[in-house]
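Report on the structure given below.
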Amino acid sequence: MGVWRYGGPEALRVVELPDPEPGPGEVLIRVHAAAVNPTDTMLRSGAHAARLQAAAPPYVAGMDAAGVVERLGAGVDDRLLVGQSVVALVVPAGPARGRGAYAERVVVPAASVVAAPDGVDFPAASTLLMNAMTARVALDELALRPGQTLAVTGAAGAFGGYAVQLAKADGLRVVADAAPADEELVQGLGPDEVVARGDGVAGRIRELVPDGVDGLADGAVLESLVLPAIADGGGLAVVRGWAGPTERGITLRPVQVSQRAGDTAALERLSRQAGDGTLTLRVARVLPAAEAAEAHRLLAAGGSRGRLVLDFAAGLADAPAEGPDAA
Ligand SMILES: NC(=O)c1ccc[n+]([C@@H]2O[C@H](COP(=O)([O-])OP(=O)(O)OC[C@H]3O[C@@H](n4cnc5c(N)ncnc54)[C@H](OP(=O)(O)O)[C@@H]3O)[C@@H](O)[C@H]2O)c1
């Protein structure tokens, strides 16, 4: 599913592309499921156009693939095997050259491909790597020590949920935000405390942690609104490039998952953590791949709990492809 021209959800069309060939160090994956992430809507709308300039349309969105290894490029070692079930972190505006995971087949650097978590189906597996790795990067950038306190906004979301669970596994004290309707869900992720999300959230975090939290992972993109929750000299992990200004010596920790897309050891650990239950995989709904536009509408409407997933297992053979001139 790709875009010839950037636009709204309707810009996502079935497109016909030659089967991709894995180059040296790359893997060809037969995709069974691709998770739908907020960043995919940015690729579709053109917000990533500058990063895609080197590639030709149609641009195929999707950073999260789960499927089966179909072919190995030259030089890929025996860590990966043909026929193996895998998950991959795909960077369309990077090594994937504009050809992301919303496809029957995708080529990915081997370093970004790891064994799928044990005991998990493809749709659930596809919801893991992009957001769990982003949460891992946020925690690594904040570099808190066990016993220190992390606050997480947007804790009901994909990034936020993984940030809560990884932080607990790292031995941190965690304060998470939640809307009343999400309180049970967020409590289930295991934070030490939950505060009501929305206006005044920083004050509520401060009431629980009077000196302020050592770090904050801002999945809700509240930016300056959360600064009062953070201790003097603490850290704020930002996921959408906010550049400040901050106050009281608070340091911004920009998070860019694509920079760690080739960190195989970290990806493997996340897959193990999903398999052993440390991380909870959450699927809101599985849609046929041809309904990618509808998935983008549902994501934009907000309120999805768990990820929307496109099912590529059956392929797109029955859906007519559209060329660049289709209305
Ligand atoms: N830099 C990177 O490499 C990178 C990688 C991955 C993700 N991201 C970014 O990280 C952010 C989170 O991604 P995601 O996939 O976790 O999104 P998500 O699943 O939609 O989660 C965001 C959560 O924040 C909630 N929220 C919205 N407004 C809020 C508010 N004012 N206060 C508290 N919570 C609020 C949402 O609730 P509702 O559904 O009710 O609105 C949702 O539960 C996105 O902006 C995404 O683009 C960046």
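Criterion first (surrounded by 24 or more Cβ atoms within 10 Å (Cβ to Cβ) and of a type in the set (Phe, Trp, Tyr)) does Tyr6 satisfy it?
Judged against the criteria, Tyr6 is not a match.
On the given criteria, is Ala265 modelled with pLDDT of 95 or more and either under 17 Å from Thr41 (Cβ atoms) or buried (at least 17 other Cβ atoms within 10 Å of the Cβ) (or both)?
no
When only residues in segment 298-325 that are within 16 Å of the ligand (Cβ to nearest atom) and part of a loop (DSSP other than H, G, I, E, B) count, which is farthest from Thr280 (Cα to Cα)?
Out of the qualifying residues, it is Gly302.
In segment 61-89, which residues are under 21 Å from Ala321 (Cβ atoms) and part of a loop (DSSP other than H, G, I, E, B)?
Listed by number, the residues that qualify are Ala61, Gly62.
Within segment 96-138, which residues are of a type in the set (Val, Ile, Thr) and assigned to a helix (DSSP H, G or I)?
Thr134, Val137
For segment 163-194, name all the residues that are closer than 16 Å to Leu139 by Cα, buried (at least 20 other Cβ atoms within 10 Å of the Cβ) and not basic (Lys, Arg).
Once the filter is applied, which keeps residues that are closer than 16 Å to Leu139 by Cα, buried (at least 20 other Cβ atoms within 10 Å of the Cβ) and not basic (Lys, Arg), segment 163-194 yields Ala163, Val164, Gln165, Leu166, Ala167, Leu172, Val174, Val175, Ala176, Pro191.
State which residue is nearest to Arg282 (Cα to Cα) when the search covers only segment 140-162 and only residues that are surrounded by fewer than 23 Cβ atoms within 10 Å (Cβ to Cβ) and more than 9 Å from the ligand (Cβ to nearest atom).
The residue in question is Asp140.
Determine the pairs where a residue that is in a strand (DSSP E or B), located within segment 162-178, has a partner that is basic (Lys, Arg) with Cβ atoms under 7 Å apart, the partner being 6 or more residues away or on another chain.
If the second residue must be basic (Lys, Arg), the pairs left are Val174/Lys168; Asp177/Arg197; Ala178/Arg197.
Could you count how many residues in segment 228-253 are within 15 Å of the ligand (Cβ to nearest atom), hydrophobic (A, V, I, L, M, F, W, C) and surrounded by 15 or more Cβ atoms within 10 Å (Cβ to Cβ)?
Total meeting the criteria: 7.
The values are calculated or read from the model by the stated rules, or taken from the named source; none is laboratory data. Fair warning: this is a prediction, and the values are worked out from it, not measured in the lab. Glycine gets a Cβ as well: all are built from the backbone with ideal geometry, and neighbour counts include every protein chain shown.
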